Every structure is written in structure tokens, then in C-alpha cells.
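Worksheet: one structure, shown below.
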Amino acid sequence: MALEGLSQGILSSLGLLKSRRKLDEAEMREMIKALRRALQEADFNVRQTKEITERLESRMSEEEPRPGTTLQTHALNIIYAELVRILGPSREPRPRQITMLMVGLYGQGKTTTTAKLAEWYRRIHGVKVAVIEADVHRPGAYSQLTQLLEDSTVEVYGEPDNTDAVSIVRNGLAAHATADMVIIDTAGRHQLDQDLVDELEQISELARAEERILVIDAQVGQSAGPVAASFHDLAGITGIIITKLDGTARGGGALSAVAATGSPIMYIGVGERVQDLERFEGDRFISRLLGMGDIRGLIDLAPEDMDEEEAMRLTQRMMSGRFTLNDMYKQMEMMSKVGTIDKLMSFLPSGMFGGMGAMGKAQKMEMQSNLDRFQVIMDSMTTYEKNEPAKVKAERIRRIARGSGVREKDVRELIAQWGRSRKMMKGMSGNRQMSKKMKSMMRDDNMDLEGLGL
Ligand SMILES: Nc1nc2c(ncn2[C@@H]2O[C@H](COP(=O)(O)OP(=O)(O)OP(=O)(O)O)[C@@H](O)[C@H]2O)c(=O)[nH]1
Ligand SMILES: [Mg+2]
């Protein structure tokens, strides 16, 4: 992933804290200085860098680390929370009867990202997606898009010889009227000029595009901020995708500058291939970036709406055998949020949550896509159904599948997964030794950052 430099920098700035209980003033200054350098090298702006380092300094002096937590873990958790705060919230559009218009300057990755998104929604949400190539300026745009999607069942519409983008869109929409989702690739410009705005306006109106998505290359660093702001003013951007985060040290700048404009970052591009797209969620992104992953960390890093108490309760329920679909989802979410979960995994029966004993990258991605699909399905379930998945039979399955736009098979798979997880939970709570181990893990912080190579 991009930004390895940042995570290395942050972790080494914390090296000083290793097995320390307190820092004197000079040491604190040195640590802050190293952190500031790491943030600036990743292109965070001066104001944000100042904000993060100042908050770290004041929180370190005001807040006691929780009992049993090392100073290092404490500092890392503060930095984590501050970075997440700076990156802001994220959102993902629902793939139902929706048209997306891709906009952006020259060469930022619009066409590539159009293909990536189409494939993403087809694969993860299982919906019928069509793309329309409406860039009549870039020669070969249609064949570029066709090639990107040659191994996919996504339908590509284009009229390489037509020079009127608006009529291509009109014809494309008519040809793909039954698609759940239509994504329209448009022409780039050197800068956002009136011509481009007019063209976008016309296409957008014709297509009634609910989403206007701005594509920005991470390489532009801090200037992503002004670009996002002007596109937002002129074209009413609903979300942003930052591309090429795999290839630049300036990714921190692009991400933070865009977040500062208030437009949500929806996805990030992390390579040239069609599958190199990731959903952007600040907390998940940062915890992966920082490679945080012990069970204590799991609790510290749980999403904001899941406080420590809830995480504890979840674990207790998990041990007691009462286990709803929501419990399973939250558990999977917690697990997929952290980078290395081997420690936790070593205590859990292998095969749990679809056999993730030692998860490779591919498996984590698989889990992420399962989570996304499960979320969509669970949105169509009633509270009763989520609490009593065993009672969800044929007729309910049919209704849920229809409501969430997935196949009945997918609903059955979710319920089967729940059944397997619950069985293993039960096995675990019956195992006294394991139960003791879990409880002691929840109690002491016997893990510091050894595993992170400090
Ligand atoms: N490494 C990397 N390369 C990317 C990514 N996204 C796009 N690219 C590459 O960036 C180049 C430009 O991408 P396009 O998709 O053609 O960009 P565009 O915005 O459609 O360009 P125009 O239509 O000319 O305005 C291509 O070589 C892509 O392969 C990414 O996330 N990572
Ligand atoms: Mg293009």
C-alpha cells in the first residue's frame, strides 16, 4: 500500500517510548519532532501536522495510559484517532437504479476507475452494471474501456465515431435501461473550464446522475484540495476517488486535503489493474497503515460507534453462546479492521469466520467483500430476523433477497456462515482453558508493539 513511509516514520518516532513509563521534556520534544517529519514527508500540510503533534503532546501529558497499557500503545492510539479524525467520514453509494458520472482533469484515472467501479459493484454487490464511454476527445477511449473490462461481464457502450457526447449518453442509457447501475466516463480537461462544466451539466441532466464522482490522482498532493473545492462549486461533487495511491509519497497530502474540503472520499485506486480498488474508510485505512493488530488494539481501535464496553460485551456474548447476526457482523468487522490478527487468530479455532486461521491478503479482501455483501443483506432484514437467524426460512429468504438485490443463495450463505460461527462459539465457551485465555487477554495488555518491528 501507499504511505509505507508514513507508517515507518510514525512507528520509529515512537521507538523512544519502548518500555518507558514516562518521557522527560527533551525526549518528548524529540519524539514530536520525528513525528512531525514523518507527517510532512507524507505531505500532510503544516496546519494538520501541527494539530496532530499538539494534540498528541497534550493528550500524552493529560491522559494516563489505561492500566496495563504501555506508553507506546497509548501514543499510537492517540495518533491513530487523530489521523482518523483528520481523514473524516466516508460513504458508499447504494447500487440500485443509480447513474454515476465520472469527472476529473486529464489523465487522473477516470477511465480506469470507471472500469474498476463497474467491476467492483458487479463482483461485490452482484448487480447488473453497464458503462458508457462518453469521452469523445481522447482517441481510443472506447477501446481502452473495452480492454479494461474484457474479462468482465460488465457491458460497455460506446460509439467511437460519434463526436457528440450527449447523444452517446442518450443512446447508451436507452440501450442499458435495465441495468441496476450505469457509470458514465467523461472527457478530461487541463482545468475545469466552462466548456467542461456545460458538457457535464448536459450529460448529468440527461442521465439524472445521482452521483457525480471526481477522480483525482494522489500525485497532486495538497493541490487535490483546491481541485476538489472548485469541482464541488461548479459541478456539485457527491464523492471523490483518489487514484494511484500505490505510487506516490504524497498520498497523505491528497487524502487530507480532500477530506478538509468536506467531500467524502469513497474509494482509493491502488494499482493499474481493474481489481485495484479499495473502499475508503478512514479508520480501517489508518489501522492497516499503522499495522495495528492485537486484541487489545482491536478494542482500542474499534469503530467510534463501538466503544470499549460494547467490545467487551460482544466478547462476553461470544463466550456465552448468545450470538446474533449483528454480533457476527461486528466481530468480523473488528477483525477485518486491523492489519495483523494472527495473535487473536492463534486463540480462535481455525475455520472460524470462514477459515481465516492465517489470513493472507487475498483472504482479507475476500472477507471485506463478504462484509460488504452481508451489510447489504442485513439492511433488508428485520431486527427479529437478525436476532433469530435460525428462523429465517424460504419465504423470508426470498423477501430479503429481493429487498437487497442479491441472490437467495447469498442470503442462505450469510445464515450458514452465522450457523458455523455460532457452533464454534459454543465450542469455545465450553472449553474452559480457552475461555480463561480469552478473559486474561481481555484483561491485561500483555502486548506492546514488539510485533511492529520497533
Ligand atoms: N499505479 C496506478 N496507476 C493508475 C491508477 N489509476 C489509473 N492509473 C493509470 O493512470 C493512467 C491514466 O489513467 P486513465 O484512466 O486513462 O485516466 P483518465 O482520467 O481517463 O485520462 P484522460 O481520459 O486522458 O483524461 C493510466 O496509465 C492508468 O493505468 C492507480 O490507481 N494506480
Ligand atoms: Mg479517460
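The values are calculated or read from the model by the stated rules, or taken from the named source; none is laboratory data. Just so it is clear, the model here is predicted, and its values are computed rather than measured. FYI the Cβ positions are ideal-geometry reconstructions off the backbone, even for glycines, and counts take in every protein chain you see. Protein only, heavy atoms only, side chains kept; ligands, DNA and RNA dropped before computing areas. Shrake-Rupley method; radii C 1.70, N 1.55, O 1.52, S 1.80 Å.
Quick look at the values:
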| read-out | value |
| --- | --- |
| Of all residues making up segment 230-244, the number that are farther than 21 Å from V270 by Cα, in contact with a helix residue (DSSP H, G or I) (Cβ under 8 Å, 6 or more places away or on another chain) and open to solvent by 40 Å² or more (accessible area, probe 1.4 Å) | 2 |
| Hits in segment 72-95 - residues which are open to solvent by 70 Å² or more (accessible area, probe 1.4 Å) and assigned to a loop (DSSP other than H, G, I, E, B) | P89, R91, R94 |
| Residues located in segment 167-178, provided they are among the aliphatic types (A, V, I, L, M), at pLDDT 95 or above and open to solvent by 10 Å² or more (accessible area, probe 1.4 Å) | L173, A174, A175 |
| Some residue of segment 32-42 being in contact with an Asp or Glu (Cβ under 9 Å, 6 or more places away or on another chain) and open to solvent by less than 80 Å² (accessible area, probe 1.4 Å) | yes |
| Residues that are within 14 Å of ligand 1 (Cβ to nearest atom) and open to solvent by 20 Å² or more (accessible area, probe 1.4 Å), drawn from segment 249-275 | A249, R250, V270, E272, R273, V274, Q275 |
| Hey, A209 touching a Leu at 6+ places or on another chain (Cβ under 6 Å) and open to solvent by 10 Å² or more (accessible area, probe 1.4 Å) or not | yes |
| Odd one out for N162, checked against (1) farther than 27 Å from I216 by Cβ; (2) open to solvent by 60 Å² or more (accessible area, probe 1.4 Å) | (2) |
| Which numbered condition I132 misses (of (1) over 30 Å from Q375 (Cβ atoms); (2) modelled with pLDDT of 95 or more; (3) away from ligand 2 (no atom under 12 Å from the Cβ); (4) hydrophobic (A, V, I, L, M, F, W, C)) | (1) |
| Which numbered condition T69 fails, given (1) assigned to a strand (DSSP E or B); (2) under 30 Å from R29 (Cβ atoms); (3) β-branched (V, I, T) | (1) |
| All strands (runs of 3 or more DSSP E) inside segment 96-185 with 1 or more residues being within 12 Å of ligand 1 (Cβ to nearest atom) and farther than 18 Å from I237 by Cβ | 129-133 |
